[in-house]
């Protein structure tokens, strides 16, 4: 199996991890469904080549930084011992769970909700005084004193707003930005059906079944002579993406959209045009005001038929 990523091309040293199917782990789910379950992942194949578990790799790095660093990082435990230690903490909270060895033998452990179904915040709704929420007031807050304090104390740019109330706030590269005279279409990224973020973004059969496209409203498409399936260039002052168009009334005029998580495919030593449809090619490095995250729902672009 060949997994070609962009970031390693810039690395001097690569320390390859094992795949999920080559090592043990415990996966818990579901936190809000009618049946919870645990999956004890076990290797289905042996380790290949010179790859090692990431925990072992980082433990060896810590060891070379000194015995104190190594002890603080590992706490004297191997990866398997950490798994046993963390599961023991789960078992202490929920004695009805099977033992570590029993779970490993079972593979999957399931438990139905004894109440039949999950109700969000049920304990709070039944007795708000005895079961307060993790907010300053212990209640569902319309006005957030925590956000008010953040807005008062954080240093923000002139076009950034953090409000303690659920209000609309104009933001950078928004619908009313002066930059729309050059890049008139708003572009946002959405979660696509064929990927979990970028995971599975390199699977050929999924890429063929679910093409990476840019959605555009018929009104905007007509102005640009664009029909569904046409190859277009989506660009702004940060970069350019080339991919097929999807003309649909399911998106507002003046707005366009691309599924996030597509893998970047560009010759960065050449024209730097991205043929993979990666929305980050067009997204600013400037973080969002509150979460300091990737603001890929707020981009201004132009779209042209190729």
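Structural remarks
- Members of the range 107-147 that are loosely packed, with under 10 Cβ neighbours inside 10 Å and either closer than 29 Å to residue 291 by Cα or in contact with a helix residue (DSSP H, G or I) (Cβ under 9 Å, 6 or more places away or on another chain) (or both): 115, 120, 130, 134, 142
- Sole residue being at pLDDT 90 or above, outside any loop (DSSP other than H, G, I, E, B) and exposed (fewer than 12 other Cβ atoms within 10 Å of the Cβ), chosen from 27, 39: 27
- Selection within the range 148-193 - outside any loop (DSSP other than H, G, I, E, B), without any contact (Cβ under 8 Å) to a residue 40 or more places away in the chain and surrounded by 14 or more Cβ atoms within 10 Å (Cβ to Cβ): 148, 151
- Residue list for the range 80-136, restricted to those being assigned to a loop (DSSP other than H, G, I, E, B), free of Cβ contacts under 8 Å to residues at least 12 places away in the same chain and within 30 Å of residue 21 (Cβ to Cβ): 94, 98, 99
- Only one entry of 89, 52, 93 meets the criterion of being out of contact with any strand residue (DSSP E or B) (no Cβ under 6 Å at 6 or more places or on another chain), at pLDDT 90 or above and farther than 30 Å from residue 119 by Cα, and that entry is 52.
- Selection within the range 66-79 - surrounded by 12 or more Cβ atoms within 10 Å (Cβ to Cβ) and without any contact (Cβ under 8 Å) to a residue 24 or more places away in the chain: 69, 70, 71, 73, 74, 77, 78
- Residues located in the range 248-265, provided they are more than 19 Å from residue 183 (Cα to Cα), touching a residue at least 24 places away in the same chain (Cβ under 8 Å) and either crowded, with 17+ Cβ neighbours inside 10 Å or under 23 Å from the mean Cα position of the chain (by Cα) (or both): 259, 260, 261, 262, 263, 264
- From the list 83, 97, the one residue that fits, being assigned by TED's automatic domain parsing to the domain that holds residue 40, surrounded by 10 or more Cβ atoms within 10 Å (Cβ to Cβ) and under 30 Å from the mean Cα position of the chain (by Cα), is 83.
- Matching residues in the range 53-74 - criterion: being touching a helix residue (DSSP H, G or I) at 6+ places or on another chain (Cβ under 8 Å) and in a loop (DSSP other than H, G, I, E, B): 53
The values are calculated or read from the model by the stated rules, or taken from the named source; none is laboratory data. Every value quoted in this text rests on a predicted model; they were computed, and no experiment measured them. Positions of Cβ are backbone-derived with ideal geometry, glycine not excepted, and every protein chain shown enters the neighbour counts.
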